[in-house]
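Peer 1: Provided herewith is a single structure, encoded as structure tokens, for subsequent inquiry.
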Amino acid sequence: MTTTGPGATNPVHGDMDQCRPVRLPRLAFGGDYNPEQWSPTVWREDVELMRKAGVNLVSVGIFAWSALQPAPDSFEFGWLDQVLDLLHAGGIAVDLGTATANPPPWLLAAHPEVRPVTSYGIRLAAGSRQTFCPSSPVFAEHARRLVGELARRYSDHPALAFWHLSNEYGDHVSSCYCEASTEHFRRFLQHRHGSIEVLNERWGTTHWGQIYRDFAEIDAPRQMPGPANPAQIADFRRFSTQAIIELVELEKAELAAAGPDIPVTTNFMGMCPELDYWALADRLDLITDDSYPDPLDPRAAVRAASSYDLMRSLGGGAPWLLLEQAPSGVSWREVNPAKAPGVQRLWSYQAIARGSDGAMFFQWRAPAVGSELHHSTMLPAAGTDTRIYREICQVGAELSAIGEIAGSRVCSDVAILMDWDVLWALDPDTAGERTMPSALLRWRTLLDPLYQAVFERGFVSDYVRMSTSADQLARYPVLVVPNAYLLSDDTAAGWAQYVSGGGQLLVGPFSGIVDRWHHRYAGGAPGPLREWLGVTSEEPWPLAADEQLTIRFADDDSVATVRIWAEWLTPTGPDTQVLATFVDGPLAGRPAVTRRRVGDGFAWYSSVIEPEGGPIVQRVAAAAGLRATDPGQLETVTRRQSAGPVGNGIADTETFFTFLLNHSGESVVAPAPAGVDLLTGNDTVDAVLLPAYGVAVVRHPARCRPAPAGTDRPSSTR
Ligand code: GAL
């Protein structure tokens with residue numbers, strides 16, 4: 001093994017300003033480990049079998065609060081001391097949980113007000129997990145005490161690789177509506193708006209007679225007789241992220257006081273709609289993700305790729321870590337299908353291809369009790385002579401042999417906007433009370449077809465924020481904005497500058513409607529984008545769930561079907577090119593997709609959701625000079641290692657690792673760069689034969705992708 005042990009470090013995260021270096025094994029391999037459920041004899045067997053499987057990192061103690069603090073004034077660290085010592089002796093590093101993911105029953109019994117309250121006013125019962133209100137001062141005080149004790153005891157433990165705050169913040173409970181939360185919300189509003197007059201103005205409380213005299217009159221948006229004020233909903237969702245951030249800061253302060261150099265993470269849940277991950281990511285040293293694609297979903301690989309691109313982007317392009325995935329089936333879907341042979345390995349490599357420095361699982365050993373009894377595990381109940389354990393051992397052995405990949409950066413082609421304020425505006429999630437033109441127009445409804453169109457052409461996407469500057473965007477030949485319903489003048493100006501500098505900006509429908517305070521832009525949509533996009537969207541044209549329209553592209557007369565959404569669009573100048581036109585229905589003859597030259601680039605506006613096959617993205621990418629491929633079920637992603645020890649005679653130069661991932665159940669001949677397949681040791685010339693669900697990782701010296709034709713714009717891939 002080249003990579004085991006807490007001593008072997010991975011110097012990732014150069015780009016995450018102010019981040020501490022992460023003491024990861026080179027490529028991490030392992031999973032959640034819950035030794036408190038087992039006797040010490042089992043621990044010893046665990047470490048032995050982990051070593052056999054190539055495990056070099058485990059996540060410990062995540063749900064162990066009641067085992068660590070069995071009563072208000074007694075702590076029991078003896079078992080954890082032993083476990084960490086055993087793991088360390090076995091060369092296994094530890095991602096140590098702060099154990100605050102579920103308060104102990106004694107705390108909930110003594111302080112029932114710690115239990116969260118739903119928007120219907122129901123206080124949730126104890127007996128599951130995540131039974132806490134993020135704004136509860138009692139919870140915060142007890143969490144602080146526990147984390148302080150843990151930090152002082154284990155900061156210097158040689159097994160400790162990094163701290164793991166709570167678990168999946170926002171899972172089960174992302175917002176609490178209790179009195180403490182309402183008080184906290186009022187303080188948040190006071191800080192955000194300064195005075196009640198400003199809040200009234202920003203919230204537009206003259207509508208429906210909601211003018212407030214005092215912050216004390218404002219409630220959390222619990223269930224109301226009718227629709228809530230959208231500005232109130234928006235502020236509450238932002239507040240809910242802020243409440244979590246305050247817990248993050250509280251735990252981090254305790255950890256830093258005892259050991260300032262230990263990196264901190266918390267595990268994310270892909271593109272979680274509940275919490276603004278940009279804001280949370282800024283507080284972490286390492287981005288980690290839990291990923292549970294549905295084996296029955298034909299788009300599972302695309303959706304997972306999208307999450308992984310987000311994780312990488314949250315860390316500014318630095319390697320991140322897949323902290324949880326299922327070795328086979330999960331236990332929380334209606335039906336929980338197993339992963340076919342090879343799929344666990346394929347999906348592990350997919351995450352690594354997209355920037356994860358390892359592949360971890362939930363969880364190590366099959367439990368004998370509890371609500372996750374039927375979830376697959378690395379070590380199944382049937383023991384080591386099992387398909388799952390063998391496949392785990394295979395991946396563990398492979399990852400230990402390809403540690404040279406660790407720290408390398410993913411080569412990307414295209415930028416896509418991700419913004420939670422927009423997501424929250426489109427998906428207000430207010431239990432049936434509607435205020436938008438169509439409840440069918442949601443963030444993922446807009447994003448997913450665009451992402452898929454990019455993915456299916458073999459391009460790799462980074463996600464960018466609203467605040468990403470024109471200079472930072474300039475490295476991308478294409479910027480895709482699935483939607484900018486809510487938009488500031490500053491962002492619009494930055495995008496205009498990006499386009500003038502030669503970028504291709506594709507803006508999706510129903511954009512430029514309101515400013516950041518949810519006030520409608522005067523003069524019609526798309527607001528501050530209108531002038532340089534060269535269109536006015538006069539009227540939204542939502543389609544019924546079963547309705548569809550046809551659009552025809554002017555350049556090749558091809559047609560596409562659109563659903564869910566259309567708009568009554570009017571070009572505002574002679575230089576606006578109409579690229580596609582509605583063919584049927586009341587919009588027949590009107591523009592559906594337009595573009596306009598702005599400086600050296602083009603600003604594209606689509607009034608429809610990207611149709612199947614991605615015809616709009618196809619045209620935008622071609623205009624940017626990006627060379628599309630037709631990969632079918634083959635996913636190809638390249639990571640680049642800029643310098644450092646790469647082994648096998650190639651040193652001190654840029655080295656590339658191209659991952660070829662066959663997502664189909666059939667074998668394929670995959671075009672490959674000339675190099676060496678690190679998994680087989682075979683030389684590659686121009687292709688590799690991949691079996692069903694097969695993977696190759698080709699190390700090669702040449703750049704990832706040929707320079708785009710017809711453009712001299714520097715691509716981010718080089
Ligand atoms: C995750 C969670 C784990 C485990 C897993 C099961 O959401 O973090 O603790 O419950 O799901 O799939």
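The values are calculated or read from the model by the stated rules, or taken from the named source; none is laboratory data. Being a predicted model, the structure only gives us computed values, none of them experimental. For neighbour counting, all protein chains shown are included, and Cβ atoms are generated from backbone atoms with ideal geometry for every residue, glycine included.
Peer 1: Considering only segment 325-366, state which residues are under 23 Å from GLU48 (Cβ atoms) and of a type in the set (Phe, Trp, Tyr).
Peer 2: Those that are under 23 Å from GLU48 (Cβ atoms) and of a type in the set (Phe, Trp, Tyr): PHE361, PHE362, TRP364.
Peer 1: While we're here: Can you tell me which of ALA397, ALA406 is touching a Leu at 6+ places or on another chain (Cβ under 8 Å) and either more than 20 Å from TYR308 (Cβ to Cβ) or surrounded by 22 or more Cβ atoms within 10 Å (Cβ to Cβ) (or both)? Steps first, answer last, please.
Peer 2: Values: ALA397 fails: touching a Leu at 6+ places or on another chain (Cβ under 8 Å).
None of the others qualify; the one that does is ALA406.
Peer 1: So the check is Cβ under 7 Å with 6+ separation or different chains; which pairs have a first residue in segment 189-217 that's over 17 Å from PRO230 (Cα atoms) and a second one that's of a type in the set (S, T, N, Q)?
Peer 2: What qualifies is PHE215/GLN190.
Peer 1: Sticking with this structure for a sec: Among the numbered conditions (1) surrounded by fewer than 17 Cβ atoms within 10 Å (Cβ to Cβ); (2) more than 26 Å from ASP413 (Cα to Cα); (3) of a type in the set (A, V, I, L, M), tell me where VAL535 comes up short.
Peer 2: Among (1) surrounded by fewer than 17 Cβ atoms within 10 Å (Cβ to Cβ); (2) more than 26 Å from ASP413 (Cα to Cα); (3) of a type in the set (A, V, I, L, M), VAL535 violates only (1).
Peer 1: Next question. Search segment 275-323 for residues being crowded, with 24+ Cβ neighbours inside 10 Å and in a strand (DSSP E or B), and hand back the single one that is farthest from the ligand (Cβ to nearest atom).
Peer 2: TRP320
Peer 1: Identify, by number, the condition in (1) touching a Leu at 6+ places or on another chain (Cβ under 7 Å); (2) closer than 24 Å to VAL58 by Cα; (3) within 16 Å of the ligand (Cβ to nearest atom) that MET269 doesn't meet.
Peer 2: The failed condition is (1).
Peer 1: Now for a different question. Check every one of the strands (runs of 3 or more DSSP E) wholly within segment 520-601 and list those with 2 or more residues that are basic (Lys, Arg). Steps first, please.
Peer 2: Details: elements: 535-540, 548-553, 559-563, 567-571, 576-582, 591-598.
It comes to 591-598.
Peer 1: Quick one: is ARG123 more than 16 Å from the ligand (Cβ to nearest atom), closer than 30 Å to PRO225 by Cβ and either free of Cβ contacts under 8 Å to residues at least 60 places away in the same chain or crowded, with 19+ Cβ neighbours inside 10 Å (or both)? Please lay out each step first, then the result.
Peer 2: Details: more than 16 Å from the ligand (Cβ to nearest atom): yes; closer than 30 Å to PRO225 by Cβ: yes; either free of Cβ contacts under 8 Å to residues at least 60 places away in the same chain or crowded, with 19+ Cβ neighbours inside 10 Å (or both): yes.
In short, yes.
Peer 1: Out of all the residues in segment 247-266, which are away from the ligand (no atom under 16 Å from the Cβ) and touching a Ser or Thr at 6+ places or on another chain (Cβ under 8 Å)?
Peer 2: Taking segment 247-266 as the starting set, the residues that turn out to be away from the ligand (no atom under 16 Å from the Cβ) are 247-264.
If the condition is that a residue be away from the ligand (no atom under 16 Å from the Cβ) and touching a Ser or Thr at 6+ places or on another chain (Cβ under 8 Å), then LEU247, VAL248, GLU251, LEU255, ALA258, GLY259, ILE262 are the ones that fit.
Peer 1: Here is a follow-up. For residues that are surrounded by fewer than 22 Cβ atoms within 10 Å (Cβ to Cβ) and within 14 Å of the ligand (Cβ to nearest atom), tally how many sit in segment 340-375.
Peer 2: 8
Peer 1: Return the residue satisfying two criteria in turn: it lies in segment 324-339 and is of a type in the set (D, E, K, R) and more than 11 Å from THR288 (Cβ to Cβ), and of such residues it is nearest to the ligand (Cβ to nearest atom).
Peer 2: Narrowing segment 324-339 to residues of a type in the set (D, E, K, R): 324, 333-334, 339.
Subsequent filtering for residues that are more than 11 Å from THR288 (Cβ to Cβ) retains 333-334, 339.
On the way: ARG333: 10, GLU334: 14, LYS339: 13 Å.
Here the residue is ARG333.
Peer 1: Show the residue pairs that are 6+ apart or on different chains and have beta-carbon atoms under 8 Å apart, the first residue being within segment 154-177 and under 22 Å from GLU249 (Cβ atoms), the second being of a type in the set (Phe, Trp, Tyr) and at pLDDT 95 or above.
Peer 2: LEU160/TYR154; ASN167/PHE63; GLU168/PHE268; VAL173/PHE132; SER175/PHE236
Peer 1: Quick one: how many residues across segment 55-91 are under 25 Å from VAL395 (Cα atoms) and over 27 Å from the mean Cα position of the chain (by Cα)?
Peer 2: The number of residues fulfilling the criteria is 8.
Peer 1: Another one. Just a yes or no: is a residue in segment 462-473 closer than 30 Å to LYS339 by Cα and either surrounded by fewer than 23 Cβ atoms within 10 Å (Cβ to Cβ) or at pLDDT 95 or above (or both)? Spell out how you get there, then give the answer.
Peer 2: Residues of segment 462-473 closer than 30 Å to LYS339 by Cα: 462-463.
Then drop every residue that is not either surrounded by fewer than 23 Cβ atoms within 10 Å (Cβ to Cβ) or at pLDDT 95 or above (or both), which leaves 462-463.
There is at least one residue in segment 462-473 that is closer than 30 Å to LYS339 by Cα and either surrounded by fewer than 23 Cβ atoms within 10 Å (Cβ to Cβ) or at pLDDT 95 or above (or both).
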